[in-house]
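Nothing in this text is a laboratory measurement; each read-out follows from the coordinates by a stated rule. For clarity, every value in this text was computed on a predicted model and none was experimentally measured. As a convention, Cβ positions derive from the backbone with ideal geometry for all residues, glycine included, and neighbour counts pool all protein chains shown.
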């Protein structure tokens, strides 16, 4: 009988430690993770962190740019590696994230501020990104940007 009580005590202690540890780390929702990925992707682009972007993009990634042209993963990585414009401010907001099983769609706005030909320039875009859940992580398979004109 004593071994059962000892086993019960050990199990109860283990459950208490596990419950305590899980309370220390808040669980992030898929929506939070996808917003963080979008913010990380944006920041990685300006610091030319091609490795970070490469990990987010699926092999079959397709981009439709604001001028109507299209690109694949290789083009997106090349754009990031060659980026050389000054950006004073880059803000992402107005997020809407919908998860449909192993697929997610993220809508958001991007506001850029920086110099252009000696003047302050503000540019706004709206994005739609499609992600799929693969190998335990979200990967972007498609993006489309639209330049917002005032």
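Tabulated values for the structure
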| item | result |
| --- | --- |
| Highest average packing first - 120-128, 104-112, Cβ atoms within 10 Å | 104-112, 120-128 |
| Paramagnetic reach from residue 83 (point 7 Å along Cα→Cβ, amide N under 13 Å) across the stretch 31-58 | 38-54 |
| The stretch 29-148: C-alpha gyration tensor shape, a/c 1.5 cut-off, then a/b vs b/c | prolate |
| The stretch 88-150: C-alpha gyration tensor shape, a/c 1.5 cut-off, then a/b vs b/c | prolate |
| FRET efficiency estimate (nearest 0.05) - Cβ-Cβ, residue 48 to residue 147, R0 22 angstrom | 0.45 |
| Net lengthening on full extension, residue 107/residue 31 (0.36 nm per residue, minus Cα-Cα) | 26.2 nm |
